[in-house]
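Colleague: This is the structure, below, for whatever I ask next.
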Amino acid sequence: MPIYFFINIRRYITEKKIKQISNNELLKNGFIKFNSDNGTKLAEYLKDVVENPENAENSNLGKFKIFNRSSLGVKSIAVDSSSEFLHKYVFTEEILKKLENFYGKSFYLRNNPTLEFDYDNEKNDSQYFHLDWGLKQTSVMINLNDVLKNSTHMEYIKGSNRQYKFRPPSRFNKREIQKIEYKHKNLETVKTTGDIGQISIFDAGCGYHRQVAGGRRVMLHLNFTENLVFTYWKKNWQPSDTAYWFSDNSENLKLKDKLFDLVKRRFNSSFFTPHIYKKLMTRKVH
Ligand SMILES: [Fe+2]
C-alpha cells in the first residue's frame with residue numbers, strides 16, 4: 001500500500017524533530033501511566049453513570065448513548081464529545097500536551113469517547129497482541145474503578161512501538177505472531193491496572209497491546225489519530241452509528257477546536273488522507 005510508505009516517511013521526519021523533547025516517554029516507549037487529580041474528579045463526577053449505566057441516557061451529567069449490551073448489563077456507552085465534563089477533566093493540558101509531543105503535528109479525536117464496562121464472571125476472550133493498523137493511533141484509558149491485577153485490563157509491550165509497518169498487519173499472520181512472541185519475551189510488559197482515576201496513554205497503532213479478560217472494570221476510552229484510518233470515514237458519513245458519531249454539535253462552541261474536526265465531519269482531505277481505507281470500512285478491529 002503506497003500510502004503507508006508516505007505516511008511512514010512523514011512519521012520519520014516528524015519524529016526526528018520531536019525526539020529532542022525531554023520526557024517524551026510516550027513517543028519513546030509507547031506507553032505512559034500516571035495518577036491525575038482530573039482523573040479522580042472525573043471518576044467522582046461520573047459515579048452515578050458508572051453505578052447505574054442503564055439510566056445513562058436520562059442522566060444530566062453529559063450526553064450519553066448506550067450502544068452495546070450483554071446479558072450482564074451495559075457494555076458500551078458513547079459519550080457525545082460536546083459533553084461539558086470532557087472539556088473540564090479530559091481535554092486538558094495534562095493529556096493533550098503529551099499527545100502533542102507524540103504526534104508533533106495536528107491530531108484528532110477519532111470518534112466519540114466511550115464508557116466501557118466489564119463484569120465479574122463475564123465470558124469474554126482475551127485478545128491476541130496486535131496493532132491498530134500499524135499507524136499513528138493512540139488510546140487514552142481512564143480507570144473509573146480500581147483496576148486490579150485480576151480485573152479486565154490492557155497489556156502493552158513497552159518499546160514495541162519502535163517499528164514501521166508498510167501494510168496493515170494481521171494479528172493472525174504466522175511471522176507476525178513469532179515477532180510478537182519474541183518481543184513479549186524480551187521486552188517489559190506493562191498494564192493499565194491502577195487506582196481509580198489513573199490515566200494510561202499508549203501508542204496502539206505501532207505498539208503491541210491486548211485486552212486481558214478478568215473481573216469488573218469501568219473506564220473511559222478515547223482514541224486519537226492523525227488521519228482518517230480507523231474512522232470509518234466517508235464523505236457522506238452519517239451519525240447513525242452511535243459507536244462512532246451522534247453529536248449534532250450545533251450548540252457547542254467548544255468543538256470549534258481542530259481536535260474535533262473528525263467528529264464534526266469537518267476534515268479536509270490532503271495528500272496524506274488515505275481514501276483507500278474506505279474499502280476496509282466493514283472490518284471491525286479493536
Ligand atoms: Fe487495539
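Colleague: Restricting to the range 130-154, name every residue that is outside any loop (DSSP other than H, G, I, E, B) and either closer than 23 Å to V90 by Cβ or touching a helix residue (DSSP H, G or I) at 6+ places or on another chain (Cβ under 6 Å) (or both). Outline the logic, then answer.
Modeller: Going residue by residue through the range 130-154, those that are outside any loop (DSSP other than H, G, I, E, B) are 130, 137-143, 147, 151, 153-154.
Selection gives Q137, T138, S139, V140, M141, I142, N143, V147, S151, H153, M154.
Colleague: From the list A56, A43, exactly one residue is part of a helix (DSSP H, G or I) and in contact with a Leu (Cβ under 7 Å, 6 or more places away or on another chain). Which is it? It would help to see each step written out before you state the result.
Modeller: Values: A56 fails: in contact with a Leu (Cβ under 7 Å, 6 or more places away or on another chain).
Every option except A43 fails the conditions.
Colleague: Which pairs have Cβ atoms under 6 Å, sit 6 or more apart or on different chains, and link a residue in the range 117-129 that is touching a residue at least 24 places away in the same chain (Cβ under 8 Å) and outside any loop (DSSP other than H, G, I, E, B) to one that is among the hydrophobic types (A, V, I, L, M, F, W, C) and surrounded by 12 or more Cβ atoms within 10 Å (Cβ to Cβ)?
Modeller: F117/V74; F117/V218
Colleague: Return the total of residues in the range 93-128 being touching a strand residue (DSSP E or B) at 6+ places or on another chain (Cβ under 6 Å), more than 21 Å from D261 (Cα to Cα), charged (D, E, K, R) and within 16 Å of the ligand (Cβ to nearest atom).
Modeller: Result for the range 93-128: 2.
Colleague: Output the residue which, of all residues in the range 142-188 that are surrounded by fewer than 18 Cβ atoms within 10 Å (Cβ to Cβ) and among the polar types (S, T, N, Q), is modelled with the lowest pLDDT.
Modeller: S170
Colleague: Which one is surrounded by the fewest Cβ atoms within 10 Å (Cβ to Cβ) among residues in the range 202-223 that are among the aliphatic types (A, V, I, L, M) and outside any strand (DSSP E or B)? Steps first, answer last, please.
Modeller: Filtering the range 202-223 down to residues among the aliphatic types (A, V, I, L, M) leaves 204, 212-213, 218-220, 222.
From what is left, the residues that are outside any strand (DSSP E or B) are 204, 213.
Details: A204: 28, A213: 17.
Ranking the qualifying residues of the range 202-223, first place goes to A213.
Colleague: So if I check each of N8, N29, N23, N68, which one is of a type in the set (S, T, N, Q), over 17 Å from N145 (Cα atoms) and crowded, with 18+ Cβ neighbours inside 10 Å? Steps first, please.
Modeller: Details: N8 fails: crowded, with 18+ Cβ neighbours inside 10 Å; N23 fails: crowded, with 18+ Cβ neighbours inside 10 Å; N68 fails: crowded, with 18+ Cβ neighbours inside 10 Å.
That would be N29, the only listed residue that is of a type in the set (S, T, N, Q), over 17 Å from N145 (Cα atoms) and crowded, with 18+ Cβ neighbours inside 10 Å.
Colleague: Just for the range 39-50: of the residues that are more than 11 Å from I196 (Cα to Cα) and either of a type in the set (D, E) or touching a Lys or Arg at 6+ places or on another chain (Cβ under 9 Å) (or both), which one is surrounded by the most Cβ atoms within 10 Å (Cβ to Cβ)?
Modeller: So the residue we want is Y45.
Colleague: Could you list all residues from the range 59-108 that are of a type outside the set (S, T, Y), under 16 Å from the mean Cα position of the chain (by Cα) and part of a loop (DSSP other than H, G, I, E, B)?
Modeller: Selection gives D80, V90, F91, F107.
Colleague: Give me a count of the residues in the range 188-204 that are more than 9 Å from the ligand (Cβ to nearest atom) and closer than 15 Å to L99 by Cβ. First the steps, then the outcome.
Modeller: Our first condition is that a residue be more than 9 Å from the ligand (Cβ to nearest atom); within the range 188-204, this holds for 188-203.
From the residues that got through so far, the ones that are closer than 15 Å to L99 by Cβ too are 199-203.
Number satisfying all stated conditions: 5.
Colleague: Among the listed residues L144, L135, L131, which satisfies the condition of being in contact with a Gly (Cβ under 9 Å, 6 or more places away or on another chain) and more than 16 Å from the ligand (Cβ to nearest atom)? It would help to see each step written out before you state the result.
Modeller: Working: L135 fails: more than 16 Å from the ligand (Cβ to nearest atom); L131 fails: more than 16 Å from the ligand (Cβ to nearest atom).
Step by step, each of L144, L135, L131 is checked, and only L144 is in contact with a Gly (Cβ under 9 Å, 6 or more places away or on another chain) and more than 16 Å from the ligand (Cβ to nearest atom).
The values are calculated or read from the model by the stated rules, or taken from the named source; none is laboratory data. What you see is a predicted model, and the numbers here were worked out from it, not measured in a lab. Please note: Cβ atoms are built from the backbone with ideal geometry, for glycine as well, and neighbour counts cover all protein chains shown.
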